[in-house]
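Right, one structure below, let's go through it.
The values are calculated or read from the model by the stated rules, or taken from the named source; none is laboratory data. Remember, it's a predicted structure, so these values are computed and weren't measured experimentally. Cβ atoms come from the backbone with ideal geometry, glycine included; neighbour counts cover every protein chain shown. Surface areas here come from the heavy atoms of the whole protein model, side chains and all, with no ligands, DNA or RNA. Shrake-Rupley method; radii C 1.70, N 1.55, O 1.52, S 1.80 Å.
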Amino acid sequence: MYNFRTDLASERRDIYQKANKLENEIDGIESEKEEIDENIKVERVKITNENGEKAIGKPVGNYITIDIKKLKIAQEEEIEKAAQTLSNELRNIIDTHIDKQGEILVVGLGNIYVTPDSLGPKVINDIEVTRHVIKYLPQYVEEGTRMVSAISPGVLGTTGIETVEILKGIVDNIKPKLVIVIDALASRSIERISSTVQISDTGIVPGAGVGNTRSEISENSLGIPVVAIGIPTVVETAVLVNDSLDLFIQKLQDEAKSNDYLNKLKEEDNYEEIKQALLPQDYNLIVTPKEIDDLIENMTEIVAQGINNSV
């Protein structure tokens, strides 16, 4: 299997197609694109069989990628539009798994003290929880309101407990019908950092994107459907160098008009070669942009609004 080093299904599909010089869609994978406006685009990737699963290393299921341009300078109206787009896509996935009254547990993964990993816990602070009100003060709740609870379980290094073990105990006791998990991801493109949201109904493996794989959180481990919302917040140095090399070559191509060597180099994915050059010196760092604080704040608002509007 390829060393994709990205959690995004759409990126894995693109990498596989490029490596195998495929012009058509991969067998076992279906996709469609929709442009919401000039800044928001949606791509839906569906893995339908074992062949598609093996090709890109993702389980059979639905993967929706929402790309949001210019997020770091987005105004409130643009943030609300992005949140509504997320809400629509999330609601469609939830409705395929549970009914309108099915109880939902929202889980924010990550470390609130590490900015690129703080998205999950920060979103939890803005989730409109209703379980306690419905249980103890039902007279103040509109009829038909769904039970929603939320938890930020911390990280293994702080708790000493695998996240899936914590969630299994909670699920066994409060018995929700579905879990929504929010987590930071890794990407193979610097353009996607905190400007892309992936929604999937196949669960999540915390830490997989940065080589720190933990036990998976999925229907297999919890016994109920798990919908994952992931946002890329970091890339490897090898990704940064590879993307920068592409941009540099593009500039030379534009100026030189023609160069066989540069054309060939541009067509290839140089990630593995760059990574192998960096690894011996421990230079393959995990990188995040200097505007990560603002990006996380905007994405927190988008994800929290999107969840609140969809459940």
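A few notes on this one:
- With Cα atoms defining each centre, the range 114-130 and the range 165-199 are spaced 11 Å apart in the structure.
- Protection proxy ranking of 130-142, 8-20, by the mean of other Cβ atoms within 10 Å over each peptide's residues and highest first, is 8-20, 130-142.
- A cut-off under 9 angstrom between Cβ atoms defines the neighbours of residue 197, and their net charge, with Lys, Arg +1 and Asp, Glu -1, is -2.
- Accessible carbon and sulfur surface of the range 1-109 relative to its total accessible area, %, 1.4 Å: 44
- When the chain is described by a simple charge dipole with +1 on each Lys and Arg Cβ and -1 on each Asp and Glu Cβ, the residue from 193, 139, 156 located farthest towards its positive end is 156.
- Rounded to the nearest 5, the antiparallel percentage of DSSP beta bridges internal to the chain is 60%.
- Set of aspartates and glutamates with alpha-carbon distance to residue 100 below 16 Å, sequence-local pairs under 8 removed: 89, 142, 143
- Zone residues, the range 38-74, relative to residue 24, backbone N less than 20 Å from point 7 Å out along Cα-to-Cβ: 45-56
- Of all the options 95, 37, 260, the one that moves most in a Gaussian network model of the chain with Cα springs shorter than 10 angstrom is 260.
- Expressed as a whole percent, the accessible area of the range 119-230 that falls on carbon and sulfur atoms is 49 (1.4 Å probe).
- Probe 1.4 Å, protein heavy atoms only - accessible area per residue of the range 1-88 in square angstrom: 55
- With contacts taken as Cα pairs under 8 Å and at least 6 residues apart, the chain reaches a relative contact order of 21 percent.
- For the chain, the 222 nm mean residue ellipticity estimated from helices alone, with every DSSP H stretch of n ≥ 4 adding -39500 (n - 2.57) and the total spread over all residues, rounds to -12500 deg cm²/dmol.
- Loop GluC sites (Glu not before Pro), the range 22-89 (other Cβ atoms within 10 Å of the site Cβ: 14 or fewer; DSSP): 23, 25, 38
- Debye, to nearest 20: dipole size of the range 1-103, +1 on Lys, Arg Cβ, -1 on Asp, Glu Cβ: 500
- Within the range 72-114, the trypsin sites (Lys or Arg not before Pro) that combine a DSSP coil assignment with at most 12 other C-beta atoms in a 10 angstrom radius are 100.
- Over 31 Å (Cα to Cα) - which of 54/175; 69/168; 46/290; 72/168; 33/168; 72/275 fall in this group: 54/175; 69/168; 46/290; 72/168; 33/168
- Per residue value of the accessible surface for the range 104-184 (all protein chains in place, 1.4 Å probe), Å²: 51
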